[in-house]
Amino acid sequence: MVSQTFKGAKLKMQFRDRQEAGELLAEKLTAYANQPDVIVLALPRGGVPVGAEVARKLNAPLDVFVVRKLGLPGHPELAMGAIASGGVRVFNGDVINALQISDETINAVTAEEFQELKRRERSYRDDLPPPEVEGKTVIIVDDGIATGSTMVAAISALRQLNAGRVVVATPTVARSTYEYLRQNADNVVAVIVPEEFYGVGQWYEDFSQTSDEEVHQLLGQMNHRDTPAAA
């Protein structure tokens with residue numbers, strides 16, 4: 001269970017690990033259970049153990065949705081866009097225009113990140129085609145959301161792929177980000193929505209890194225296919 005301890009007048013809650021976080025999140029998503037048009041997509045890597053529990057509870061298929069930020073050379077924390085599974089590209093026109101970023105720079109960064117995206121997809125999903133989301137209710141899961149920039153890129157990409165509805169689901173999200181995401185997604189579901197949010201890890205007792213191999217194995221188990229060791 002989620003532990004609860006008082007510090008002053010504030011209630012602090014922590015998930016034991018991603019599995020427990022996924023179980024508790026799934027309890028808030030039961031309205032989507034046993035619906036043939038629902039698919040759960042997890043943002044790797046940390047979102048996959050959470051998404052696996054959600055998919056199991058909802059009796060829905062699980063897949064990954066890989067999003068790679070397109071950082072400005074020399075300032076990688078500044079995103080000029082993102083790419084995602086399915087060949088989708090999303091650009092931040094305000095950043096590109098304000099900094100007069102050239103097409104050559106955009107194309108070079110995109111090509112580099114595309115190679116990493118494909119490497120990750122092969123590692124996670126072998127040679128399976130990307131998930132089909134057109135017309136479906138997509139529940140996009142991460143293990144926690146701080147600023148929301150990656151999740152907004154994922155939402156934009158899913159819109160381009162003609163998803164029917166996009167539901168953001170996460171164990172914990174900053175209050176200000178929660179309100180921001182509600183403007184972009186059809187629904188946002190979370191277990192803990194704190195006002196003070198210093199990082200996703202603070203809401204977990206065990207926030208150890210999820211490996212590529214773990215992602216590969218979880219996807220294989222959920223989709224009933226053989227899971228040889230990831231390359």
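Here, each number is a calculation from the coordinates, and none is a lab measurement. Model, not experiment: these values are computed from the prediction. Quick reminder, even Gly has a Cβ in these numbers, built from the backbone with ideal geometry, and neighbours come from all protein chains shown.
A few notes on this one:
- The chain, relative contact order [Cα under 8 Å, separation at least 6], %: 23 percent
- Choice from Asp142, Asp63, Asp37 with maximal GNM fluctuation in the chain (Cα, 10 Å cutoff): Asp37
- Gaussian network model of the chain, springs between alpha carbon atoms under 10 Å - residue of Glu121, Glu113, Glu104 with greatest fluctuation: Glu104
- Using bins of 5 Å that start at zero, the share of Cα-Cα pairs per bin across the chain amounts to 1, 7, 14, 18, 19, 17, 12, 7, 4, 1, 0, in whole %.
- Exposure proxy for Thr147, Thr137: other Cβ atoms within 10 Å of each Cβ, ordered fewest to most, give Thr147, Thr137.
- Relative protection proxy for 38-50, 66-78, from highest mean packing down: 38-50, 66-78 (other beta-carbon atoms within 10 angstrom).
- The distance between label points at Leu78 and Glu116 comes to 1.8 nm (points 7 Å beyond Cα on the Cα→Cβ vector).
- The sum of -39500 (n - 2.57) across all DSSP H runs of n ≥ 4, divided by the residue count of the chain, sets its helix-only mean residue ellipticity at 222 nm to -11000 deg cm²/dmol.
- Cα centre as origin, Lys/Arg/Asp/Glu Cβ charges: segment 167-215 dipole, Debye: 320 debye
- In order along segment 60-66, the phi-based Karplus estimate (6.51 cos²θ - 1.76 cosθ + 1.60, θ = phi - 60°) of 3J(HN,Hα) comes to 10, x, 10, 8, 9, 10, 8 Hz; Gly and Pro are listed as x.
- As a proxy for reagent exposure, ranking Met13, Met151 by other Cβ atoms within 10 Å from fewest up yields Met13, Met151.
- Computed from the Cβ-Cβ distance with R0 of 30 Å, the FRET efficiency linking Tyr198 to Glu27 stands at 0.70.
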